[in-house]
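The next block holds one structure in the form of structure tokens; read it before the comments.
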Amino acid sequence: MLVIPAIDLRQGKSVRLAQGRKDTATVYSDDPVQIADTFARDGARLLHVVDLDAAFAESNSLNREVLRQMIRAINVPIQFGGGLRSIKQIEKAFELGVGRVVIGTMAVEYPEVLKGMVRRFGPERVVVGIDAKNGQVVTHGWEMDHQLDAHTLCRRVSAAGVGRIIYTDVGRDGMLTGVNLDGTCMIATASGLKVTASGGISSLKDLERLKTADCGIDSVIVGKALYEGRFTLAEAIASASA
């Protein structure tokens with residue numbers, strides 16, 4: 001199972017939020033590029049980078065410059081999301097050099113556009129982030145609720161030709177309360193797609209549970225647990241690979 005360390009950008013800094021709420025930001029570093037370099041040196045094979053300012057529809061030029069510097073500084077692919085709500089924005093992200101884009105709001109509001117993106121860029125480069133609170137989809141930086149359940153959306157995404165879903169239990173994200181294994185497995189089973197688990201990872205035991213679940217989860221995004229020293233990236237990689 002692939003362990004993907006996360007870097008969330010807020011005003012050019014590396015931060016973590018609790019349940020995605022913008023007023024809960026904890027700053028962990030003023031130098032996200034250094035964080036990315038450390039993760040690369042510790043064995044990361046992919047980084048998950050999110051532009052929180054763009055997700056909240058705020059100015060994001062500083063974060064994009066940080067992203068550009070990351071891409072230049074490390075030789076590790078980056079999957080990037082946060083506020084990518086138009087074809088033009090996605091094109092610019094690829095032009096910067098990201099390996100994958102993560103689409104959330106667009107997948108909910110413009111399913112036909114999603115199909116076109118998959119045809120144009122390929123099913124491995126367009127990842128859909130399904131973010132859910134109590135099973136219901138949330139978008140626009142997790143600030144907007146939809147009358148759409150995660151299971152219905154995952155089936156739509158599969159029909160659009162997407163190859164991978166990132167499933168995040170918003171209620172657990174940044175809370176260190178443990179992964180929602182049952183919910184993530186249900187998404188993997190319902191969609192038939194590759195699934196990356198996200199939200200709530202707190203211990204190596206969580207990684208072991210995901211690794212042995214045998215339901216289609218092949219990777220996991222880890223954020224706050226690394227920043228809080230619950231375990232190191234090297235320990236996580238070893239645990240997930242054993």
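The values are calculated or read from the model by the stated rules, or taken from the named source; none is laboratory data. Being a predicted model, the structure only gives us computed values, none of them experimental. Glycine gets a Cβ as well: all are built from the backbone with ideal geometry, and neighbour counts include every protein chain shown.
Listed by first and then second residue, the pairs linking a residue in the range 189-201 that is closer than 14 Å to residue 171 by Cβ to a residue that is outside any strand (DSSP E or B) and polar (S, T, N, Q), with Cβ atoms under 7 Å apart and 6 or more places separating them unless they lie on different chains, are 199/180; 200/177; 200/180.
Counting only strands (runs of 3 or more DSSP E) wholly contained in the range 86-171, the ones carrying 2 or more residues that are modelled with pLDDT under 95 occupy 126-133, 136-139, 144-149, 164-169. Checked against the criterion of being touching a helix residue (DSSP H, G or I) at 6+ places or on another chain (Cβ under 6 Å), buried (at least 16 other Cβ atoms within 10 Å of the Cβ), hydrophobic (A, V, I, L, M, F, W, C) and touching a residue at least 24 places away in the same chain (Cβ under 8 Å), the candidates 128, 138, 118 yield just one match: 128.
If we scan the range 178-191, do we find a residue that is in contact with a Phe, Trp or Tyr (Cβ under 8 Å, 6 or more places away or on another chain) and buried (at least 24 other Cβ atoms within 10 Å of the Cβ)? Within the range 178-191, one or more residues are in contact with a Phe, Trp or Tyr (Cβ under 8 Å, 6 or more places away or on another chain) and buried (at least 24 other Cβ atoms within 10 Å of the Cβ).
Which of the following residues is under 19 Å from residue 16 (Cβ atoms), aliphatic (A, V, I, L, M), buried (at least 16 other Cβ atoms within 10 Å of the Cβ) and touching a Leu at 6+ places or on another chain (Cβ under 6 Å): 197, 160? It is 197. Filtered by the rule that a residue be farther than 23 Å from residue 81 by Cα and of a type in the set (Val, Ile, Thr), the range 174-219 gives 177, 189, 212.
Within the range 51-61, one or more residues are closer than 25 Å to residue 108 by Cβ, surrounded by 14 or more Cβ atoms within 10 Å (Cβ to Cβ), of a type in the set (Phe, Trp, Tyr) and at pLDDT below 95.
This table checks each residue for (1) more than 19 Å from residue 130 (Cβ to Cβ); (2) modelled with pLDDT of 95 or more.
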residue: 196; (1), (2): no, yes
residue: 200; (1), (2): no, no
residue: 219; (1), (2): no, yes
residue: 222; (1), (2): no, yes
residue: 232; (1), (2): yes, yes
residue: 235; (1), (2): yes, yes
residue: 241; (1), (2): yes, no
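Scanning the range 29-45 for residues that are assigned to a loop (DSSP other than H, G, I, E, B) and under 17 Å from residue 224 (Cα atoms) yields 30, 31, 42, 44.
For the range 21-28, check the following and say yes or no: at least one residue is surrounded by 20 or more Cβ atoms within 10 Å (Cβ to Cβ), touching a helix residue (DSSP H, G or I) at 6+ places or on another chain (Cβ under 7 Å) and either of a type outside the set (Lys, Arg) or modelled with pLDDT of 95 or more (or both). Scanning the range 21-28, I find no residue that is surrounded by 20 or more Cβ atoms within 10 Å (Cβ to Cβ), touching a helix residue (DSSP H, G or I) at 6+ places or on another chain (Cβ under 7 Å) and either of a type outside the set (Lys, Arg) or modelled with pLDDT of 95 or more (or both), so the answer is no.
Taking the condition of being over 16 Å from residue 55 (Cα atoms) and touching a residue at least 24 places away in the same chain (Cβ under 8 Å), how many residues in the range 141-165 meet it?
Within the range 141-165, residues that are over 16 Å from residue 55 (Cα atoms) and touching a residue at least 24 places away in the same chain (Cβ under 8 Å) number 16.
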